[in-house]
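In what follows, a single structure is set out as structure tokens and then discussed.
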Amino acid sequence: MAQRLSPATIKRLARQTRQAARAILEETGQAPGEPLPAAPPDLKAGLAPFIDHTLLKPEANAAQIRQLCAEAREQGFATVCVNSGRVPLAADLLRGSDVVVCAVTGFPLGAGLPGAKAQEARLALEAGAGEIDMVLNIGALKDRDLRALLEDIDAVVAVCHAAGAPCKVILETALLRDEEKIIACVVSQLAGADYVKTSTGFGGGGATVEDIALMRGVVGPRMGVKASGGVRTRGDALAMIRAGATRIGASAGVAIVAGQRGEGAY
């Protein structure tokens with residue numbers, strides 16, 4: 001197992017990244033973004049308000065989306081998280097409920113053009129989505145190209161916030177070193193994103209308690225942190241929440257709430 005960074009090293013890397021990213025924003029005439037205000041879920045209400053009930057498999061059919069939405073209504077989950085092409089159906093099924101439709105954009109690779117991601121987000125919001133989970137440009141992160149990362153995230157955040165919708169940024173932590181996770185968190189925060197999120201579930205790994213704690217330590221108390229990928233039990237979910245997660249992405253939401261083990265995968 002790779003050695004974890006010390007708290008002092010994390011602070012130093014975060015400070016250096018923040019300074020470099022702010023310089024880019026000043027050069028382009030942009031101000032750091034601000035997340036939308038949101039009250040964190042309360043565990044007294046149970047686990048359901050923490051959960052984005054998720055079905056992102058490419059082969060998911062309409063009947064499965066209907067089941068997903070019915071379960072979300074029954075359990076009172078925060079959202080259903082679906083591919084953007086399924087937003088119209090999910091929005092229709094959830095009309096009149098408190099469950100929000102969350103759409104993914106740039107999913108699952110994150111390698112598309114910022115304008116394409118922003119347009120997908122715009123169309124999903126127009127079709128009835130109320131939240132967007134975007135995959136950042138992982139290649140740009142590997143290149144340490146802060147300018148490209150800021151442009152990528154800002155394009156989607158701007159569309160989301162214009163519609164009053166939160167934007168979550170998926171880091172794909174299984175593909176990243178700790179230094180890269182820190183950079184991704186800082187840049188997402190400066191771009192005004194509302195959450196940082198661990199994983200797509202398609203990148204060879206999922207959420208870990210250690211990554212959630214790292215992400216929370218970098219972004220501080222005001223930004224959301226979403227644990228996704230491999231969260232299958234009530235114990236898993238509680239461990240993530242204790243580490244700093246304010247949202248859980250899972251296909252096993254019903255089993256988590258029931259305290260059972262769920263074997264569903266993203």
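Residue pairs whose Cβ atoms lie under 8 Å apart, separated by 6 or more positions or on different chains, with the first residue in the stretch 140-151 and at positive phi and the second of a type in the set (Val, Ile, Thr), are Arg144/Ile183.
When we screen Gly224, Gly203 for residues that are at pLDDT below 95 and within 20 Å of Asp152 (Cα to Cα), the only hit is Gly203.
Pairs meeting the criteria (first residue in the stretch 104-128 and at negative phi, second residue part of a helix (DSSP H, G or I) and basic (Lys, Arg), beta carbons under 6 Å, at least 6 apart or on different chains) are Thr105/Lys117. Give me the pairs: first residue in the stretch 154-173 and more than 19 Å from Ala39 (Cα to Cα), second residue modelled with pLDDT under 95 and surrounded by fewer than 24 Cβ atoms within 10 Å (Cβ to Cβ), beta-carbon distance under 6 Å, and six or more apart or on different chains, which are they? Partner pairs satisfying both residue conditions: Glu172/Gly203. List the pairs whose first member sits in the stretch 74-92 and is without any contact (Cβ under 8 Å) to a residue 60 or more places away in the chain and assigned to a helix (DSSP H, G or I), whose second member is surrounded by fewer than 20 Cβ atoms within 10 Å (Cβ to Cβ) and charged (D, E, K, R), and whose Cβ atoms are under 8 Å apart, counting only residues at least 6 apart or on separate chains? Listed pairs, sorted by first residue: Leu89/Arg66. Considering only residues in the stretch 109-126 that are part of a helix (DSSP H, G or I) and of a type in the set (A, V, I, L, M), the one that is nearest to the chain's Cα centre (by Cα) turns out to be Ala121. Scanning the stretch 43-56 for residues that are in a helix (DSSP H, G or I) and either without any contact (Cβ under 8 Å) to a residue 40 or more places away in the chain or buried (at least 17 other Cβ atoms within 10 Å of the Cβ) (or both) yields a total of 5. Of everything in the stretch 127-183 that is assigned to a loop (DSSP other than H, G, I, E, B) and among the hydrophobic types (A, V, I, L, M, F, W, C), the residue that is surrounded by the fewest Cβ atoms within 10 Å (Cβ to Cβ) is Ala163.
Condition check ((1) surrounded by 14 or more Cβ atoms within 10 Å (Cβ to Cβ); (2) β-branched (Val, Ile, Thr)) across all residues:
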{"position": "Pro58", "(1), (2)": "no, no"}
{"position": "Ala72", "(1), (2)": "yes, no"}
{"position": "Val80", "(1), (2)": "yes, yes"}
{"position": "Ser84", "(1), (2)": "yes, no"}
{"position": "Gly96", "(1), (2)": "no, no"}
{"position": "Cys102", "(1), (2)": "yes, no"}
{"position": "Ala118", "(1), (2)": "yes, no"}
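The values are calculated or read from the model by the stated rules, or taken from the named source; none is laboratory data. Just so we're clear, the structure is a prediction, and the values are computed from it rather than from any experiment. Ideal geometry is used to build each Cβ from the backbone, glycine not excepted, and the neighbour counts take in all protein chains shown.
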